[in-house]
Structures are given as structure tokens and as C-alpha cells.
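Q: Please find one structure pasted underneath; my questions will follow.
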Amino acid sequence: EVAGVPGRAWSVTAGSSTTGCVTEGGEAYVWGYGDLGQLGQGADQTDAMVPVRVEPVKAMAGKRVTALSFGGQHSALLCVPERGGAGAHAAKRAR
């Protein structure tokens, strides 16, 4: 359980200034420094000291988040189809 995140966190990932989690429902929540856009909040580049949901963009339609990654020069999330797609099957096997 992660305070401020609805539901159960399936995984938690930490970078040097950003942390995030993926919920069992396939949503991503992030918190930490946002001054360079690393929280994925679009034009809003403010810091978040409590978890904020990463709002899905058009490319994420019908997909669920399965993993997060934070590095020195990147923040990324991995999405797979909700059900039935090859990516969803591969993600299920990898668990």
C-alpha cells in the first residue's frame, strides 16, 4: 500500500528525484521533482510531494501501465493492451 494512491500498488520504482508506482488496475502515480517534466504532467512542471496520477494520453487508449522507469535523463512507462493483445500475454508470462 502506498499512501495517497487508491487501490494496491503492484510495483514501486524510484529514481534520484522521482518515485512512482503502478497499481493493480494498471494506472501510474508519480511524485518528486517535476521541474524538467519528469512527472509526465504536460505543461505542469511543478514538484509533487504526494502521488499524482499520470493522465493517459491518446497513445495509451485501451492500454494499462505495467512498468515505470526513471533515469538521469528519462522517465518512461510501459503500456500493454488491456486484454487479448500479444503484449498483454507477454506481460502476464513475465510476472
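The values are calculated or read from the model by the stated rules, or taken from the named source; none is laboratory data. The model shown is predicted, which means the values in this text are computed figures rather than measured ones. Methodologically, a virtual Cβ is constructed for each residue, glycine included, from the backbone with ideal geometry; neighbour enumeration extends over all protein chains shown. Each accessible area value is taken on the protein alone, full model and side chains, heavy atoms only, with ligands, DNA and RNA left out. Shrake-Rupley method; radii C 1.70, N 1.55, O 1.52, S 1.80 Å.
Q: Can you tell me which residues in the range 1-51 are open to solvent by 60 Å² or more (accessible area, probe 1.4 Å), aromatic (F, W, Y) and modelled with pLDDT of 90 or more?
A: The answer is W10, and nothing else.
Q: Looking only at the range 58-76, how many residues end up being buried (at least 18 other Cβ atoms within 10 Å of the Cβ) and modelled with pLDDT under 90?
A: Matching residues across the range 58-76 total 2.
Q: Pairs needed: first member in the range 35-62, without any contact (Cβ under 8 Å) to a residue 12 or more places away in the chain; second member anywhere, open to solvent by 50 Å² or more (accessible area, probe 1.4 Å) and not polar (S, T, N, Q); C-beta distance under 6 Å; at least 6 residues apart or different chains.
A: Q45/D35
Q: Okay, next question. Give me the residue from the range 48-86 that is touching a Ser or Thr at 6+ places or on another chain (Cβ under 9 Å) and in a loop (DSSP other than H, G, I, E, B) and, out of that set, farthest from C21 (Cα to Cα).
A: It comes out as G72.
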